[in-house]
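> Mind looking over this structure? Questions follow.
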């Protein structure tokens with residue numbers, strides 16, 4: 001089956017179309033049964049365009065990590081530098097919640113694919129390690145000791161992950177409610 005190719009006006013538009021097409025196809029048929037040519041056709045671009053943006057079939061799914069990195073970096077940078085590391089990370093999480101909520105449909109699709117595809121679980125874990133490393137570097141740049149920065153970054157990101165899991169399990173509830181509850185739960189556990 002041949003598809004008409006409609007060239008997107010920008011690289012950003014092409015990336016978005018490719019990501020959307022990949023998520024749709026993977027949800028319909030599973031990760032292993034979809035080719036890059038089919039993704040490109042669904043996005044109405046050439047396969048060559050696909051490979052200009054993504055080195056392989058898995059990476060199209062993790063383009064959101066690039067955006068997440070940008071959101072986290074901007075959010076943490078907006079927190080005044082005199083705010084302690086833990087409070088700065090809490091504010092950072094709160095600042096990215098609206099963006100995560102706005103991307104819920106794609107996030108849920110990706111989470112479902114990762115859950116059933118071992119290779120994607122491995123890639124997701126590697127991406128998370130990279131993001132936590134970035135957070136550690138950003139906290140150190142703000143003046144935190146490296147061991148403190150590592151503990152704060154890993155813990156805060158774990159709290160957010162827990163909150164997202166609860167949020168996905170209870171559709172119709174705001175993510176911020178789960179974030180607040182998870183941070184409160186942690187505070188109760190370590191407060192005594």
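> If you rank 12, 57 by fewest surrounding Cβ atoms within 10 Å, what's the result?
On the way: 12 10, 57 17.
Placing the least packed residue first, the sequence is 12, 57.
> Of the residues 152, 105, 179, which exhibits the maximal mean-square fluctuation in a Gaussian network model of the chain defined by a 10 Å Cα contact cut-off?
Result for the chain, Cα springs under 10 Å: 105 fluctuates most.
> Let me ask another. Between segment 119-140 and segment 45-111, how far is it from one alpha carbon centroid to the other, in angstrom?
Cα centroid to Cα centroid, the span is 11 Å.
> Can you sort 53, 178 by how many other beta carbons sit within 10 Å, fewest first? Intermediate results must be reported in sequence, preceding the final value.
Details: 53 19, 178 22.
Fewest-to-most ranking of 53, 178: 53, 178.
> Gaussian network model of the chain, Cα springs within a sub-10 Å range: biggest mean-square fluctuation belongs to which of 55, 98, 174?
Between 55, 98, 174, it is 55 that shows the largest mean-square fluctuation.
> Kindly state, to the nearest 0.05, the FRET efficiency for residue 91 paired with residue 12, given R0 = 35 Å and r defined as their beta-carbon distance.
Working: r = 28 Å, r/R0 = 0.80.
Computed FRET efficiency for residue 91 and residue 12: 0.80.
> Right, here's the next one. Please arrange 78, 166, 85 by counting, for each residue, the other beta carbons lying within 10 Å of its beta carbon, fewest first.
On the way: 78 11, 166 16, 85 23.
Lowest count first: 78, 166, 85.
> I would also like to ask the following. Normalised by the residues of segment 11-57, what does the relative contact order come to in percent, with Cα pairs under 8 Å and at least six apart? Kindly include the intermediate steps, with their values, before the conclusion.
Working: 33 pairs, mean separation 17.9, N = 47.
Relative contact order of segment 11-57: 38 percent.
> What is the extension gain from residue 170 to residue 126, computed as 0.36 nm multiplied by their sequence separation minus the C-alpha to C-alpha distance, in nm to one decimal?
Details: separation 44, 0.36 × 44 = 15.84 nm, distance 2.71 nm.
Length gained, residue 170 through residue 126: 13.1 nm.
> FRET efficiency for residue 105 and residue 140, Cβ-Cβ distance as r, R0 = 30 Å, nearest 0.05?
On the way: r = 35 Å, r/R0 = 1.17.
The formula returns an efficiency of 0.30 here.
> Tell me, what is the percent relative contact order of the chain, built from C-alpha pairs under 8 Å that lie six or more residues apart? Spell out each step's value before the answer.
Details: 152 pairs, mean separation 33.0, N = 192.
RCO, the chain: 17 percent.
> Next up: Taking only DSSP H segments of four or more residues, each worth -39500 (n - 2.57), what value at 222 nm results for the chain once the sum is divided by all its residues, to the nearest 500 deg cm²/dmol? Display every interim value, and only then the final one.
Values: 9 runs with 145 residues, N = 192.
After summing the helix terms and dividing by residue count, I get -25000 deg cm²/dmol.
> Simple spin-label model, 7 Å along Cα-to-Cβ: residue 82 to residue 151 in nm?
Between residue 82 and residue 151, the simple spin-label model gives 2.5 nm.
> Using 0.36 nm per residue, how much length does the chain from residue 52 to residue 116 gain when fully extended, once their Cα-Cα distance is taken away? Please list the in-between numbers first.
Numbers: separation 64, 0.36 × 64 = 23.04 nm, distance 2.76 nm.
Extra length available between residue 52 and residue 116 comes to 20.3 nm.
Any read-out appearing in this document is the output of simple, stated calculations on the displayed coordinates, not a laboratory observation. Every value quoted in this text rests on a predicted model; they were computed, and no experiment measured them. Cβ atoms come from the backbone with ideal geometry, glycine included; neighbour counts cover every protein chain shown.
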